[in-house]
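Nothing in this text is a laboratory measurement; each read-out follows from the coordinates by a stated rule. Note that the structure is predicted; figures quoted are calculated from it, not measured. As a convention, Cβ positions derive from the backbone with ideal geometry for all residues, glycine included, and neighbour counts pool all protein chains shown.
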Amino acid sequence: MNKNTIIKRLVMSFFAAMPLLTSAQQLIKYVDPFIGTGGHGHTYPGAQVPFGMVQLSPDNGSEGWDWSSGYHYSDSVIAGFSHMHLSGTGIGDWCDISVMPSIGFINDTIAMYREKFSHKNEKASPGFYSVKLDNGISAAFTTTERCGLHEYTFPKGATPVIRFNLGFAINWDKPLDTYIKQVNDSTIVGYRYSEGWAHVQRVYFAARTAVPFTKLYLSNGKESSKGTSAKGTGIKGQLMFRNMQGKPILMKVALSTVSTEKALLALQEIQGWNFEAVKKQAENKWEKELQKILVKGKDETAKKVFYTALYHTCMAPALYSDADGSYQNVQGEVKKMATGQRYNEFSLWDTFRALDPLFSLTQPLKITEFVNTMLAFYKENGLLPIWDISSWESNTMTGYHSIPVIADAILKNIKGIDVPEAFAAMKKSAMQDIRGTNFYRQYGYVPQDKYGSSVTVTVEYAYDDWCIAQVAKKLGKQDDYETFMKRSASWKILFDPSTGFIRAKNSDGNWVTPFDPYLSEYDDKKSMYTEGNAWQHSFFVPHDVQGLANAHGSDEKFILKLDSLFTVSSTLNGENIPPDVSGLIGQYAHGNEPSHHIAYMYSFVGAAWKTQQRVRMIVDSMYHALPDGYAGNEDCGQMSAWGVWSMAGLYPENPSSGQYVFGSPQFEEVKFNLAGNKTFIIRAKNTAKSHPYIQSALLNNKPYTKTYIAHATILAGGILEFAMSDKPNKEFGKAATSRPTSATKEK
């Protein structure tokens, strides 16, 4: 090949790539990582790539529920920049490997050194965070999957110091064993073992600076340590540098769950010291994720809300394994995934509802890794995970909600899953003798005098059992199908037709009295309903809405009950009310997950127009492009996934049914870019805030009268068109043949 040909091909390649380069910032410009960092959202604004192990973000050093992520927008100080953060959870943990720049050494005895800052000097975008502290130090961060890149610029004439504080902890976390060792004049390694929400947590790190440090100063917080290594419960290391005359100091910090040697290998994820190049790579990864759903419309604020929500759906689960798939579990065993990667941070009580079904469209390859992670957890612990944090079973929240996630994957024919093993694991979790399951099987429901939160536990087990039954049916296991379908009707035992609520019973079969549907109790041992009351939890029968309507006496009576939920007083009774019950419209609580499916239930009983009305109202009132823009905990992507689905015009009311119920589309067009180069487009004509109602629908230019669409139909590709109006079409979706399916057929 001659020189001219080579040049010609290079030029052609350059111009062929130009459209990609010019569109790289097209969607990430709509993402505002500060949305959710105020109020009770509990998100963090720092740098991360999609599902990355490193979440490099600032910590205020403050205690409390609203600092569960380490950062809250109301605060005005920063205590450090740590490398692991929980996204939108209700319990605080992690914030591991905390780093803080300072001018000169920090006294050994200062456990938590803080510096003031202003939000006007703070910036965040996908894969990037920066802040200028009031002391004049500027800090900027970007990441790869397992490695964070720091850039610190000190005032001219200052003595630069970068402090590693392995004793830093907030809320429930505390260090047990920490270690720092100098490898050479630009590299240190170490680890932090801690106990918190995760009772066993081991994080290993390696840090390398672009310029040598002149001294490593080690201490245990009381006295300095001579030599090049130190071990203790809260080791601090300070790297001192020569005067840089205002030039930045760059540093890489990589993580591993296995060893410092693996952390050193992870440093290689960032080659060289080009901050902008690494930032661009992170941005391109985010742009690729956001390009999976393209929206068109005139409302720029709505796009900001939508794409920030889509961004938040890619924060968790987070990587737990090294590049070769190896990881260390809570038993201290070093394992390796047969294929793919291991993840953790599975907030399943929240995410099974909308996030995991969304993944079947946006993350079909990662679903395989997520399910295989759950199966690896099962092999190591004997049961599927409930809330997996750092591979530790926290047993947080109710239900066994790995099951709907795994069932959804199997029913949607996701590849790469050992289905017989998965089904065996599902059955074993359903037949365990902990978490009230023994009482559930013995009595057909969970008695309140035997186990707390008994109503929520019963109705959630009933739904999970319905999911097992559907997999059994697919596998031709008729006996299992009949067993678990019978169990899926357990909610009926607790339904009280005289009050219209699902209520608690004791083991003698009598109702627990007195009964107050507005009573909400935070203590799960005393409560009858988890993080809520009878109003919210009496509607958790997503698999059998028609059966629930029949229990109320008729579709019409059930519609009136749904109406009441949104219109009764928002008063909550009790002396220990959970803070999670937020975002109230009547007794509908959008700030917590048990309410998320309820507005879509109208469509199951022929009142689809009311679903459209309620959904539009919820989107408009509960999602804002502000730090306090979420009504409650973001919960590892669930709050955002509800927004993504609902703004697009669909929702998985029954997460494992493979059916998406129509809501009220917000945009003129929503385009899903699917696997296999397929696309599915939702178009809405005459959409506006004053036009929430669907008048009619077309699917691939043919009249479409159903109020839901099947997953398989979306995967095949096509165009769904809605004609919207300011007036409801009460006939659309009224016919029984137009409604989403329920376990019970219409009377």
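Under the simplified labelling scheme, the A277-K428 pair shows an inter-label distance of 4.7 nm, with each label point 7 Å from Cα along Cα→Cβ.
Each Lys or Arg adds one and each Asp or Glu subtracts one; over the other residues with Cβ under 12 Å from the Cβ of F539, this totals -1. Placing R0 at 22 angstrom, the Cβ-Cβ distance between Y193 and Q331 gives a FRET efficiency of 0.95 after rounding to 0.05.
A simple spin-label model places the labels of A712 and K450 4.0 nm from each other, with each point 7 Å out along Cα-to-Cβ. Helical content alone sets the calculated 222 nm signal of the chain at -8500 deg cm²/dmol, taking -39,500 (n - 2.57) per DSSP H segment of four or more residues and averaging over every residue. Each Lys and Arg contributes +1 and each Asp and Glu -1, all at the Cβ; summed about the Cα centre of the chain, the dipole is approximately 2280 debye. Here the label points at D496 and S76, each 7 Å from Cα along the C-beta direction, are separated by 5.0 nm in the simple model. Taking every full run of DSSP H in the chain, the ones that stretch at least 27 Å from end to end by Cα along their long axis and average 0.5 or higher on the Kyte-Doolittle scale are 3-22. Annotation: the residues L565, L699, L358, sorted from fewest to most other C-beta atoms within 10 Å of their own C-beta, follow the order L699, L565, L358.
Hey, fewest Cβ within 10 Å first, where do T37, T396, T89 land in order? Before the final figure, lay out each step's value.
Working: T37 28, T396 17, T89 25.
Arranged by neighbour count, lowest to highest, T37, T396, T89 become T396, T89, T37.
Within a straight-line Cα-Cα reach of under 19 Å, K303 can be paired with the following aspartates and glutamates, leaving aside sequence neighbours fewer than 8 residues apart in one chain: D32, E283, E287, E289, D620, D628, E634, E668, E669. Of the peptides 567-578, 127-138, 497-508, 39-50, the ranking by mean beta-carbon count within 10 Å, highest at the top, reads 39-50, 127-138, 497-508, 567-578. In terms of the Cα gyration tensor, with a ≥ b ≥ c the square roots of its eigenvalues, is segment 416-499 rounded because a/c is under 1.5, prolate because a/b exceeds b/c, or oblate? Judged from the Cα gyration tensor, segment 416-499 comes out prolate (a/c at least 1.5, a/b above b/c). Here segment 214-236 is scanned for amide nitrogen atoms under 14 Å from the site 7 Å beyond the Cα of F105 along Cα-to-Cβ, giving 214-227, 236.
Out of every Cα-Cα pair in segment 281-366, what percent are more than 18 Å apart? Display every interim value, and only then the final one.
Values: 2065 of 3655 pairs.
Tail fraction, whole percent: 56.
From the coordinates of this entry, mean projected area of the Cα convex hull in nm² is computed, and it appears in (1) 32.1; (2) 50.9; (3) 34.3 under the label (3).
H624 to K288: extension gain in nm, 0.36 nm per residue of separation minus the Cα-Cα distance?
Details: separation 336, 0.36 × 336 = 120.96 nm, distance 2.42 nm.
Extra length available between H624 and K288 comes to 118.5 nm.
Is the shape of segment 44-288 rounded, prolate or oblate, going by the alpha carbon gyration tensor and its root eigenvalues a ≥ b ≥ c, with a/c under 1.5 for rounded and a/b larger than b/c for prolate?
Details: a/c = 1.16, a/b = 1.04, b/c = 1.12.
Verdict is rounded for segment 44-288.
Filter the cross-link list K120/K304; K450/K477; K379/K450; K285/K671; K116/K236; K29/K678 down to pairs whose alpha-carbon distance in this structure exceeds 28 Å.
On the way: K120/K304 20 Å; K450/K477 32 Å; K379/K450 30 Å; K285/K671 19 Å; K116/K236 21 Å; K29/K678 26 Å.
In this structure, K450/K477; K379/K450 lie more than 28 Å apart at Cα.
Tell me, in nm to one decimal, what length is gained between K557 and M617 on full extension, where the rule is 0.36 nm per residue of separation less the Cα-Cα distance?
Values: separation 60, 0.36 × 60 = 21.60 nm, distance 2.25 nm.
Net length gain for the segment: 19.3 nm.
Segment 695-736 and segment 618-642 have Cα centres lying 27 Å from one another.
Extension gain for the segment S138 to T339, taken as residue separation times 0.36 nm less the Cα-Cα distance, is 68.2 nm to one decimal.
Here the calculated FRET efficiency for K298 and I681, from their Cβ-Cβ distance with R0 = 25 Å, stands at 0.90, rounded to the nearest 0.05. Magnitude of the charge dipole for segment 44-288, about its Cα centre and with charges confined to Cβ atoms of Lys, Arg (+1) and Asp, Glu (-1), is about 720 debye.
Using the alpha-carbon centroid of each, what span in Å lies between segment 535-567 and segment 202-262? The distance from the Cα centre of segment 535-567 to that of segment 202-262 comes to 59 Å.
Using the C-alpha gyration tensor of segment 496-615, what are the square roots of 5 times its eigenvalues, in whole angstrom, with the largest one first? Whole-Å semi-axes of the equivalent ellipsoid: 23, 18, 11. Between S569 and D523, the FRET efficiency from the beta-carbon distance, with R0 = 25 Å, is close to 0.60. Taking a straight line from the alpha carbon of K415, these aspartates and glutamates sit under 20 Å away, with near neighbours fewer than eight places off in the same chain left out: D356, E369.
Look at where the Cα atoms of segment 150-169 and of segment 351-392 average out, and the two centres are 38 Å apart.
By other beta-carbon atoms within 10 Å, ranking F539, F662 with the fewest at the front produces F539, F662.
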